[in-house]
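Reading through the structure tokens given below for one structure.
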Amino acid sequence: MDFLPGALDLDPAAFALDPGFAGRVVWFDALVGNVDRSWRNANMLFWHGTPYLIDHGATLTFHHAWSSAEGWVRRPYAAAEHVLLGSAPDVDTADTELAPRLTPDLLRAAVDAVPERWLVDELGFDGPDEVRAAYVTQLLARRDARDAWLPGVRAAIAERGAGSGEPPPTRGPNPPYWLTRRRGGS
Ligand SMILES: Nc1ncnc2c1ncn2[C@@H]1O[C@H](COP(=O)(O)OP(=O)(O)OP(=O)(O)O)[C@@H](O)[C@H]1O
Ligand SMILES: [Mg+2]
């Protein structure tokens, strides 16, 4: 973790974002079920020319109720309000590139990096190793259930692309100065 001094909140109306990047973010958010990357709150920073994803607190919600975690695996992703929907996200290229990288070894390495004290006393598990294994199983199942969530994501992108999707409301009466300047305002 690090503090990024001088980072700006990333508003896609102010920074041109590449469809490849947008596609990877939308795909990833759909995989982990991130409900907190909307136009209301992008939870992305822009720092020294590079976007950073922050605040993944509203993801992996199954871990608040492991007994019903199975139902999460095929849950559709509500992409309609995703902040990058207007950036022409190339979600199919993202799928081709990212799904094969989500291997058991990669997930295992990720859960192994979680401090043990965060995983003790988890209800229904016999110790941290069992919890780690459950995360790996759960995320591999979500990866393999893309037929359940990817079509809905594609549909939301297509709807926005066709101009029939709900356009995001403006952010308020006082946009940041760099936004008004880029759009030719005073
Ligand atoms: N690593 C960081 N470096 C610099 N600024 C950061 C960093 N993390 C967060 N911030 C700033 O703090 C804000 C809120 O961070 P974060 O989203 O993690 O908290 P939050 O409690 O979810 O707040 P919010 O409800 O606004 O999302 C960010 O939008 C950003 O402006
Ligand atoms: Mg936040």
Value at 222 nm in deg cm²/dmol, rounded to 500, when DSSP H runs of n ≥ 4 in the chain each add -39,500 (n - 2.57)
-12000 deg cm²/dmol
Among ALA110, GLY6, LEU150 the positive-end extreme of the charge dipole of the chain (Cβ point charges)
GLY6
For labels at HIS63 and THR96 in the simple 7 Å Cα→Cβ model, what's the distance in nm?
3.2
Starting with the fewest neighbours, write out LEU106, LEU8, LEU84, LEU45 ranked by other beta-carbon atoms found within 10 Å of each beta-carbon.
LEU106, LEU8, LEU45, LEU84
Percent of alpha-carbon pairs separated by more than 22 Å within the chain
53
Mean Kyte hydropathy of -1.0 or more with a Cα span along the axis of at least 18 Å, helices from DSSP in the chain:
19-32, 128-144, 146-161
For a quick check: with amide H placed at 1.01 Å from N, whose amide H comes under 5 Å from SER38's, ignoring anything fewer than 5 positions away on the same chain?
VAL83
What's the magnitude of the charge dipole for the chain around its Cα centre, counting Lys and Arg as +1 and Asp and Glu as -1 at the beta-carbon? Answer in Debye, nearest 20.
780
Starting from region 1-63, pick out the chymotrypsin sites (Phe, Trp or Tyr not before Pro) whose DSSP state is loop and whose Cβ has at most 10 other Cβ atoms within 10 Å.
PHE3
Once you keep just the Cα pairs under 8 angstrom separated by 6 or more residues, what percentage relative contact order results for the chain?
27
Looking at region 111-151, which GluC sites (Glu not before Pro) are DSSP coil and have at most 16 other C-beta atoms within 10 Å of their C-beta?
GLU122
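Every number here is computed from the coordinates shown, using simple stated rules; none is lab data. Everything numeric in this text was worked out from a predicted model, so none of it was measured. Because the Cβ atoms are built from the backbone with ideal geometry, glycine has one as well, and the counts that use them run over all protein chains shown.
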